[in-house]
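Participant: After the structure tokens below, expect a handful of questions from me.
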Amino acid sequence: MSSQPSSVASQRIADILAERILSGDLPPGTRIKQDELAAELETSRIPVRDALRMLEARGLVTMRPNTGARVTSLTMRDLEVSFEIRARVEPLLLAESVPNLTEQDLADLKEVMERIEQVSDLDETIALGREFHWITYRRHDTPLLAQIVERVWDTTQSYRRAYMKLSLGSGNRTHDVEHRLLYDAISRREVETAQAVLVMHIGRTRIGLERYAHLLSQSDAKTKPPRA
């Protein structure tokens, strides 16, 4: 058994589980068996339990009495509300950040945008997409807004991942065009135009999720089997 301090061990376990959830290794609804996880990671149940509480606070795990912990599942209504939050909060975060972005920030943004246009791997596309948008927000001074956005991104990522798998598989690269439009508006410091493009970008993903909702869990389940 590990002799790590409990708080350090709990954070390590939380990071491992969060990566598995966000990467699709643990799809929504997957049961997380504390005993098996403790044995796999060579630790006791106490840091595992604490790690699950950390992830519950992030919205990634749901814990219920007598049924244990599961990866959080969202209903279609949950997804609708999540994207409504994104459409309202992210433009505010963008407006806070854009006037303060430096020339280096814009160079970083362009570099990531061009990398996205060259990749077809699903996991890399998702990671770069998150990086692209966080660069646009990096000069904000409103941590509360950023925390809300990060939580919504995390809790919906499994579903967005499944949708992007279907979208990329059909050759749809609309996100590349939208990123270009967003970059152009930001580079010209046209905040209202950038906000409008962002809302369009979020709205298109929401429509796609609603249209293909009946395929998402099926698609995600085929991607990778649970590991815990």
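We did not get these values from a lab; they are worked out from the coordinates using the rules stated. Quantities reported herein were computed from a predicted structural model and do not represent experimental measurements. FYI the Cβ positions are ideal-geometry reconstructions off the backbone, even for glycines, and counts take in every protein chain you see.
Participant: Give me Met113, Met63, Met76 ranked fewest to most by other Cβ atoms within 10 Å of their Cβ, as a rough exposure proxy.
Facilitator: Fewest to most other Cβ atoms nearby, the residues stand as Met76, Met63, Met113.
Participant: If you average the alpha carbon positions of the range 91-163 and of the range 48-68, how far apart do those two centres end up, in angstrom?
Facilitator: 27
Participant: When a footprinting reagent is the concern and you count Cβ atoms within 10 Å, what order do Met164, Met54, Met200 take, fewest first?
Facilitator: Going from sparsest to densest Cβ surroundings: Met200, Met54, Met164.
Participant: Next question. Would you mind computing Rg(Cα) / (2.2 N^0.38 Å) for the chain, counting N as its residues?
Facilitator: Normalised by 2.2 N^0.38 Å, the Cα Rg of the chain equals 1.08.
Participant: Turning to a different aspect of this structure: How would Leu122, Leu26 line up from fewest to most surrounding beta-carbon atoms within 10 angstrom?
Facilitator: Leu122, Leu26
Participant: Let me ask you something else. In degrees between 0 and 90, to the nearest 10, how far off the longest principal axis of the chain does helix 174-187 point, with axes built from Cα atoms?
Facilitator: 60
Participant: With each run of n ≥ 4 DSSP H residues scored as -39500 (n - 2.57), what mean residue ellipticity at 222 nm is computed for the chain after dividing by its residue count and rounding to the nearest 500 deg cm²/dmol?
Facilitator: Taken over the chain, the calculation gives -24000 deg cm²/dmol.
Participant: With θ taken as phi - 60° and the coefficients 6.51, -1.76 and 1.60, list the Karplus ³J(HN,Hα) couplings across the range 111-123 in order, rounded to whole Hz; mark glycine and proline as x.
Facilitator: Running phi through 6.51 cos²θ - 1.76 cosθ + 1.60 with θ = phi - 60° gives 4, 5, 4, 5, 5, 4, 5, 9, 9, 10, 5, 4, 5 Hz.
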